[in-house]
Amino acid sequence: MTRIFSGVKPTGHLTLGNYLGAVRRWAEDDQYRAEALFCVVDLHALTMEHDPARVRRLSRQAATLLLAAGLDPERCTVFVQSHVDEHARLSYLMECTATDGEMRRMIQYKEKSAQAKASGDGVRLSLLTYPALMAADILAYSADEVPVGEDQTQHVELTRDLAVRFNQRYGHTFVVPKATEPVVAARVMDLQDPTSKMGKSHASGAGIVYLLDEPGVVHKKVMRAVTDSGREVVHDRAASPGVANLLEVLGACTGQEPGALAGTYTSYGVLKKDAADAVVELLRPVQERHAALVADPGHVEEVLRRGAGRARAMARPTVDAAYRAVGLLEP
Ligand code: AMP
Ligand code: TRP
C-alpha cells in the first residue's frame, strides 16, 4: 500500500495557503487511498527565534486544526514530531549523508537566514540542517508520496537525492519518495503582496487569510486584495499576479479551472466578492469542527498519544536498519 507522509510547522496560525496547498488534500484524498501519516513538525519550529509558550500553543492548535480539517485518526496517523525520537535519530545520519553545499543551496535557507540576520538574530545551525531533519521525517516512514505545496518541492528533491545516495553507499534502506502538488493553488500568494507566498508570518497579517479568521475578517482581507492596474480579468501570473491569485483561490475553492473562470468575469470587484464568499464557505465547516474539538482537549491529546505510538512502531525498524547499515553496532 502506498505510504504518505507530510507535516506542518507550528510557527504561526495555519493559513489558507496551508489548507489549499496541503491539508485539504490530506483530508479529502490522501487518507483514503494510502497509509498516511500527518505530523505537527514542532522541532522545525525551533530553527528561528521563538517563544516556547507560543510554540506549545500553536502545536496544539495545529493538531486540532488538522482534525477539524477532516483528518480521521481511524484512517491515518496524526502525531507530533518531538514525541517520536526516531526523527532526531535519523536526522543525524542524514547530516552525515548530505553536503554543506547542498544545504546552502536551499531557497528556504537563503530566505530565512537573511531574515534572521536582518532582525539581528544569529542564524541557527539548525536552520541550515533543517532539510536533513525533513528528509529523516519522510524516510523514517518509507513514504512513497509527500503531499506539499510548491515551496517544499526543493526539500523533497533533496530528500530523494539523500535516499538514493544512502542506498548506494550502504545498501537498500530507504524508499525514494516523490512530492505531490495540488493541481490548483500549489502556491497561494499574499493578498497584499501577490509576488510573495502567503506565509504564516509575513510582516503584516492583512494579506494572509488564517483558517480561524471570522467571515467578516476574511471578507475584508479578500476585498482589499491588491490587484493590478489593468482592467481585464485574465489568468496571468506574471502580468497580473494579484488577479491570478484570486482566480486560483476561487478555482481551488469551487473546483474550477482558473483560466476558464477568468473569462466569466468583467470586473475585479465581483471576482473579489465571489472569492471571499467561496473562502468563507470553505472554512466554515473547518471552523465549526475546530470549535467542537477545542471544547474537548482531552480527545486531541489522546489522538496524539496514540498517533505517536503508531508512528514510533513504524519508524523504529527503518531507523534501526539505517544505523546498522552505516556501521553502528547493535546495542
Ligand atoms: P508550513 O506552513 O511551511 O509548515 O507548510 C505546511 C504545508 O503547507 C507545506 O506543504 C507547504 O508547502 C504548504 N504551504 C504553505 N504555504 C503555502 C502557500 N502559500 N500556498 C500553497 N501551499 C502552502
Ligand atoms: N518543511 C516543511 C514546511 O516548511 C514542513 C515539513 C517538515 C515537512 N518535515 C516535513 C513537510 C516532511 C513534508 C514532509 O512546510
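The values are calculated or read from the model by the stated rules, or taken from the named source; none is laboratory data. Worth saying up front: this structure is predicted, and the values here are computed from it rather than measured. Neighbour counts are summed over all protein chains in view; Cβ atoms, including those assigned to glycine, are modelled from backbone coordinates with ideal geometry. Note: areas computed on protein heavy atoms with side chains; ligands, DNA, RNA excluded. Shrake-Rupley method; radii C 1.70, N 1.55, O 1.52, S 1.80 Å.
Measure off, as a whole percent, the carbon and sulfur share of the 1.4 Å-probe accessible area of region 215-291, all protein chains present.
Working: 2060 of 3750 Å².
Here it works out to 55 percent.
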Review point. Chymotrypsin sites (Phe, Trp or Tyr not before Pro), restricted to region 259-326: which are DSSP loop and have at most 15 other Cβ atoms within 10 Å?
Key: none
Point to revise | Calculated FRET value between Val326 and Ser119, using beta carbons and R₀ = 30 Å, to 0.05 | key: 0.20
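Please calculate how many Å² of accessible area the chain carries per residue, with a 1.4 Å probe and no DNA, RNA or ligand atoms counted. Don't skip to the end; give the middle numbers.
Values: 14890 Å² over 331 residues.
Result: 45 Å² of accessible area for each residue.
Using a Förster distance of 25 Å, how high is the FRET efficiency between Thr99 and His50, based on the Cβ-Cβ distance and rounded to 0.05? Show your work: numbers first, answer last.
Details: r = 28 Å, r/R0 = 1.11.
Using R0 = 25 Å, I get an efficiency of 0.35.
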Exercise for review: Could I have the simple spin-label model distance between Asp161 and Arg57, label points 7 Å from Cα toward Cβ, reported in nm to one decimal?
Suggested key: 3.9
Check your understanding: Put +1 on the Cβ of every Lys and Arg and -1 on every Asp and Glu Cβ in region 215-291; which of Val217, Gly263, Pro285 then has its Cα farthest towards the positive end of the dipole?
Key -> Val217
Study note, to complete from the structure: For Lys9, the lysines lying under 24 Å Cα to Cα, once residues fewer than eight places off in the same chain are dropped, come out as Lys110, Lys112, Lys117, Lys178, Lys197, Lys200, Lys221
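May I ask you to derive the FRET efficiency for Ala260 and Glu281 from their Cβ-Cβ distance with R0 = 22 Å, giving the value to the nearest 0.05? Intermediate values should be presented prior to the final figure.
Working: r = 20 Å, r/R0 = 0.91.
That gives a FRET efficiency of 0.65.
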Review point. Given that compact globular proteins tend to follow 2.2 N^0.38 Å, what is the ratio of the alpha-carbon Rg of the chain to that value?
Key: 1.02
Review point. Longest exposed-loop-site-free stretch of the chain, with GluC sites (Glu not before Pro), DSSP loop and at most 15 other Cβ within 10 Å?
Key: 75-231
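List the DSSP H helices in the chain whose Cα atoms stretch 15 Å or more along the helix axis and whose mean Kyte-Doolittle hydropathy is at least 1.0. Walk me through the numbers before you get to the answer.
Values: long enough: 52-68 (24 Å, 0.12); 107-118 (17 Å, -1.20); 125-139 (22 Å, 1.53); 153-170 (25 Å, -0.91); 241-254 (19 Å, 1.13); 268-294 (37 Å, 0.16); 297-325 (41 Å, -0.56).
Result, helices passing both filters: 125-139, 241-254.
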